[in-house]
Structure formats: C-alpha cells, structure tokens
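Values in this text are rule-based calculations from the coordinates and carry no lab data. It should be emphasised that the depicted structure is a prediction, and the values quoted were computed from it without experimental measurement. All Cβ positions, glycine included, derive from the backbone under ideal geometry; neighbour counts span all protein chains shown.
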Amino acid sequence: MSYDPEFMTRLLVGNLGYVLLVISMMMTRLLLLRTFALASGVVGGAYMGWWLNDPVGMVWEATFAAACAFQIALTAYRNRTAQFSDDERTLAAELMPDTEPRHLRALLRVGSWRNAEPGTELIRQGQIASQLIFLKAGHAAVLVDGTPVGTCRSGNLIGEIGFARAEPANATVVSDTRVRYFALERKKLRRVMNSHPEIASLISRCNQRDIEKKLSRMNEAMLQALATAGPRLEFCEVIPRSRRLVPQAACEPRPVPFPISEPGRVAVH
C-alpha cells in the first residue's frame, strides 16, 4: 500500500472538525466552548466544500461558524461596554477576580449595596439567611447564644456555608461599627445559578476560596499560639479528615460549631 498525501490530508482535515467539536463540548467556560466550536465549523466547511464538493453541508457548517462568531463578538462587546462603580470593582477584585464583566453584571442585578448602623442584625442564629453578604467596610460581631465569639471584617463573606448547604445559621452577626456591604438575595441568586451554570460555578469557587482563606488563617493562628505558649503537642482532629498539631489542652472533647479563621474571627453560616 503506497502513501497517498492527498488521502492523508483529507483524512486529517475530515477528522479534525469532529475533534474540535468534541473538545468544545468539554470546555467549562462558554468563551472557550464557542471558540473551539467556531474552529470546528471553519474546518468542517472547508472539508465539505473542498474535498466533498457538498454545497449544502458547506453552507450549514458556515452558518454554524457564523453563529459562534456572532456570539463571541456579542460577548466581547458586552464585556467592553460594562461600567462598574468603585464598590463593584472592589467586590470583583476581592471575591471574583477571574469573572467576566457580564457575569458580574448579572450578579449585581440580584443584589444591592447597603449601609448599616452599629447594632444592626445582619444574620440571626437558627434561621436560614435570606442573603449572602460581602462585607466591604466595617466590622461585625459574631455571637453564639448571645456570647461574642469573633469578628467579621472587610473582605469577608457572611453566610456562605449556610447558603451552600441551605442550613440555618449557627451564629448571629451584628454590626459593631457602621458597615457597608453587598447583599445577594438568596432566592434570586438561586434562580440565576440554576439558569446560568457559569455563575453557579463562579459562586462555588468564590465560597471555596473564602473558606480556604479562613482555614489558612486558622492554622496560622494556631501556630502563633503554639509558639507563644509552647505546651506539649499531640495529634488530634480539629477539622474533619484533617490532622493538625495542637496543644494537648485543645484536644479535650468540646463542641466547635464553626471554623475559626484567625484569633477572634469566624466563618459564619
């Protein structure tokens, strides 16, 4: 069997269009999906027109590619024309640095910026929080059964664990200074997440990053406490399925309803 360059080129191009289409279906970001789909349409159109001499197939491949190109251009236009305030840019930088402007705009439509005076209750223990809160400025006290156990500061999310699990809050959060925050309405946000998988993934990553930061600060606080106190160490479980070095006194059984992110700071849901 002799090598036929024409046949091999035709075989390669014919399969490349389908390979690009399969790759596009594997993309989790819409822009990448449409980019690979556009490439698939271009390759498929060339194959239909040049090798198969099929005008019908070529026209439909070209139409498919044109639709993808139109959607990419529309997304780029919407992202370029999106205008944000200083508060909104802070929200994006702190929580969603990798989000597209159009997704940020969709989230802003289901929430609102609010100011609260000292003593304002933001979340109540035992109730499912009606909103997911990003604290931009100020401090808020965290209380369990009326006892202060920590503080939320600017840059913190409040209610993220309860939002993710749809569980009642395990603490009350009350502003102890004048605060400014962005409140995402829980029901509206759920509807947006159900209709836009990209936004659902974005919120999930945002919650995960916030929890990881708090756990990292908790570990740093433990190490600082050990360096100061210097007691004998033993292994014990502090976080489910995690092993940490902690003082022997801290290994005594006791209920810990929430993770501490740093001295006097907690993750609230």
### Message
Cut-off is 10 Å between beta-carbons; in what order do 212, 220 appear when sorted fewest neighbours first?
### Response
212, 220
### Query
So how much slack lies between residue 154 and residue 75, counting 0.36 nm per residue of separation and subtracting their Cα-Cα distance, in nm?
25.2 nm
### Message
Give me 50, 113 sorted ascending by neighbouring Cβ count inside 10 Å, so fewest comes first.
### Response
50, 113
### Extension reserve of the residue 86-residue 226 stretch, reckoned as 0.36 nm per residue once the Cα distance is removed
46.4 nm
### Query
How far apart, in nm, are two points set 7 Å out from the Cα along the Cα-to-Cβ line at residue 11 and at residue 93?
5.6
### Efficiency of FRET from Cβ geometry, residue 200 and residue 105, R₀ 25 Å, rounded to 0.05
0.95
## Note on the structure
The extension gain from residue 208 to residue 66, computed as 0.36 nm times the residue separation minus the Cα-Cα distance, is 47.4 nm
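Dipole size in debye (nearest 20) for segment 5-81 around its Cα centre, Lys and Arg Cβ +1, Asp and Glu Cβ -1?
Numbers: 5 positive and 3 negative charges, 92 e Å.
The dipole of segment 5-81 has a size of about 440 debye.
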### Query
Any idea what the dipole of segment 148-188 comes to, in debye rounded to 20, about its Cα centre with Lys/Arg Cβ at +1 and Asp/Glu Cβ at -1?
180
### Task
Quick one: give the max-minus-min coordinate of the C-alpha atoms of segment 5-81 along each principal axis, largest first, in Å.
47, 24, 16
